[in-house]
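The values are calculated or read from the model by the stated rules, or taken from the named source; none is laboratory data. If you're wondering where the values come from, they're calculated on a predicted model, not measured in any experiment. Counting neighbours? That spans all protein chains shown, and the Cβs are built from the backbone with ideal geometry, glycine included.
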């Protein structure tokens, strides 16, 4: 997912701890019916996250300072790649459906 700056950054004190973030990823993985092989965090310059063909998810550490809704969008985007490796029509339809669930707080 291409990295663009958000105007809704939270303060460092409000940043989500790594273990809480990884728990968010695991919770969404269960909802989507996927199992990531590994969840990593590291500084990334151009992307918020990536998904390897081996099922490894890597998230930018800056994501910890983003609002919960945005974090969820990035997490869902990457987890969907475990089912659908491209950004084709099916991927976009599923992504929109899950984003709607975020908006409704499902």
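The residue that is farthest from residue 18 (Cα to Cα), counting only those in region 83-102 that are surrounded by fewer than 18 Cβ atoms within 10 Å (Cβ to Cβ), in contact with a helix residue (DSSP H, G or I) (Cβ under 8 Å, 6 or more places away or on another chain) and in contact (Cβ under 8 Å) with a residue 24 or more places away in the chain, is 83. Under the condition of being in a helix (DSSP H, G or I) and either more than 24 Å from residue 100 (Cβ to Cβ) or touching a residue at least 24 places away in the same chain (Cβ under 8 Å) (or both), the residues counted in region 25-67 number 9. Restricting attention to region 72-94, and to residues there that are touching a strand residue (DSSP E or B) at 6+ places or on another chain (Cβ under 9 Å) and assigned to a helix (DSSP H, G or I), which single residue is farthest from residue 48 (Cα to Cα)? Among those that are touching a strand residue (DSSP E or B) at 6+ places or on another chain (Cβ under 9 Å) and assigned to a helix (DSSP H, G or I), it is 80.
With the condition kept exactly as written, say whether any residue in region 23-37 is touching a strand residue (DSSP E or B) at 6+ places or on another chain (Cβ under 7 Å), at pLDDT 95 or above and surrounded by 15 or more Cβ atoms within 10 Å (Cβ to Cβ). Yes, region 23-37 has at least one match.
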